[in-house]
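Asks: Attaching a single structure in structure tokens format; questions to follow.
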Amino acid sequence: DDIFSVKVRVVTGNEEARLSAIGALSGSANANGLLADLGGGSCDFMELNDGAFGRNDTTPLGHLRLRELSGGSREAARKEVSRHLSKVPWLNSVDGRTLYLTGGSCRALARVFIDQVGYPLHVIDGFTLRCGEARRMSGVLAQAGPDSISQIRGVSTSRQRTLPYAAAVVEGLL
């Protein structure tokens, strides 16, 4: 505020979900499913109905916060994910529809998935993966230890510490 003479306002989780959805719709105008914006402190949701906004919510399931909430335990993280997702009852109504993932952690996961499936392009935008394959890989990463994670190409050292927690959230959503 003082440095740039600009008023700063922190958006709410629901506003963040809406802004992320606007970004997703700019690339896929008729998006139909669930947008999940996975950040460090929260995971924000927006239902997308053929390009129109639906219900939205926010949970404290950011990759940094989940690591904190779980005390660093992968199993506790999965339980926290289940507990918080169950508090958003409308999520069940988007089963079978497309899951649109945004946020830095999701981009890091996409890089791993691209490498694992041998996807010929190393372009994240528009990358798609079948639910079963995404669930399997997310489950493996959610349980992976530091030694395994450190062997994955293209994942920065800072992301390596929290990638299993991001994967636990994605696994829970799938």
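The values are calculated or read from the model by the stated rules, or taken from the named source; none is laboratory data. Remember, it's a predicted structure, so these values are computed and weren't measured experimentally. Every residue, glycine as well, gets a Cβ built from its backbone with ideal geometry; the counts of neighbours run over all protein chains shown. Accessible surface areas use protein heavy atoms only, side chains included; no ligands, DNA or RNA. Shrake-Rupley method; radii C 1.70, N 1.55, O 1.52, S 1.80 Å.
Asks: Output the number of residues of region 1-40 satisfying the condition of being open to solvent by 30 Å² or more (accessible area, probe 1.4 Å) and in a loop (DSSP other than H, G, I, E, B).
Replies: Of the residues in that region, 16 qualify.
Asks: Just to check your reading of the model, which residue among Arg83, Arg111, Arg67 is among the basic types (Lys, Arg), within 27 Å of Glu15 (Cβ to Cβ) and surrounded by 15 or more Cβ atoms within 10 Å (Cβ to Cβ)? Break it down into steps so the answer makes sense when it comes.
Replies: Details: Arg83 fails: surrounded by 15 or more Cβ atoms within 10 Å (Cβ to Cβ); Arg111 fails: within 27 Å of Glu15 (Cβ to Cβ).
Among Arg83, Arg111, Arg67, only Arg67 is among the basic types (Lys, Arg), within 27 Å of Glu15 (Cβ to Cβ) and surrounded by 15 or more Cβ atoms within 10 Å (Cβ to Cβ).
Asks: What residue, among those in region 104-114 that are free of Cβ contacts under 8 Å to residues at least 24 places away in the same chain and aliphatic (A, V, I, L, M), is farthest from Leu19 (Cα to Cα)? Steps first, please.
Replies: Let us first name the residues in region 104-114 that are free of Cβ contacts under 8 Å to residues at least 24 places away in the same chain, namely 107, 110, 114.
Still in the running and aliphatic (A, V, I, L, M): 110, 114.
Numbers: Ala110: 21, Ile114: 26 Å.
Result: Ile114.
Asks: Another question about this same structure. Do you know which of the residues in region 70-79 that are part of a helix (DSSP H, G or I) and either free of Cβ contacts under 8 Å to residues at least 40 places away in the same chain or among the hydrophobic types (A, V, I, L, M, F, W, C) (or both) is least open to solvent (accessible area, probe 1.4 Å)?
Replies: Filtering region 70-79 down to residues part of a helix (DSSP H, G or I) leaves 74-79.
Subsequent filtering for residues that are either free of Cβ contacts under 8 Å to residues at least 40 places away in the same chain or among the hydrophobic types (A, V, I, L, M, F, W, C) (or both) retains 75-77, 79.
Working: Glu75: 92, Ala76: 34, Ala77: 2, Lys79: 133 Å².
Restricting to residues being part of a helix (DSSP H, G or I) and either free of Cβ contacts under 8 Å to residues at least 40 places away in the same chain or among the hydrophobic types (A, V, I, L, M, F, W, C) (or both), the top hit is Ala77.
Asks: Among the numbered criteria (1) open to solvent by 60 Å² or more (accessible area, probe 1.4 Å); (2) free of Cβ contacts under 8 Å to residues at least 24 places away in the same chain; (3) not polar (S, T, N, Q), which single criterion is violated by Leu101?
Replies: If we test Leu101 against (1) open to solvent by 60 Å² or more (accessible area, probe 1.4 Å); (2) free of Cβ contacts under 8 Å to residues at least 24 places away in the same chain; (3) not polar (S, T, N, Q), just (2) comes out false.
Asks: Condition check: assigned to a helix (DSSP H, G or I), of a type outside the set (Asp, Glu), free of Cβ contacts under 8 Å to residues at least 60 places away in the same chain and open to solvent by 70 Å² or more (accessible area, probe 1.4 Å). Does Arg55 satisfy that? Spell out how you get there, then give the answer.
Replies: Numbers: assigned to a helix (DSSP H, G or I): no; of a type outside the set (Asp, Glu): yes; free of Cβ contacts under 8 Å to residues at least 60 places away in the same chain: yes; open to solvent by 70 Å² or more (accessible area, probe 1.4 Å): yes.
Criteria not met by Arg55.
Asks: Now, a different point. What are the residues in region 41-52 that are open to solvent by 20 Å² or more (accessible area, probe 1.4 Å) and in a strand (DSSP E or B), if any?
Replies: Residues satisfying the conditions are Asn49, Ala52.
Asks: Among the residues of region 117-126, is there at least one that is within 12 Å of Val170 (Cβ to Cβ) and surrounded by 13 or more Cβ atoms within 10 Å (Cβ to Cβ)? Walk me through it before giving the result.
Replies: Going residue by residue through region 117-126, those that are within 12 Å of Val170 (Cβ to Cβ) are none.
The answer is no, given that none of the residues of region 117-126 is within 12 Å of Val170 (Cβ to Cβ) and surrounded by 13 or more Cβ atoms within 10 Å (Cβ to Cβ).
Asks: Could you say whether any residue in region 152-162 is part of a helix (DSSP H, G or I), buried (at least 20 other Cβ atoms within 10 Å of the Cβ) and basic (Lys, Arg)?
Replies: Step one: list which residues in region 152-162 are part of a helix (DSSP H, G or I), which gives 157-160.
If we keep only those that are buried (at least 20 other Cβ atoms within 10 Å of the Cβ) too, we end up with 159.
Add one more test, that the residue is basic (Lys, Arg), and what stays is 159.
Checking region 152-162: at least one residue is part of a helix (DSSP H, G or I), buried (at least 20 other Cβ atoms within 10 Å of the Cβ) and basic (Lys, Arg).
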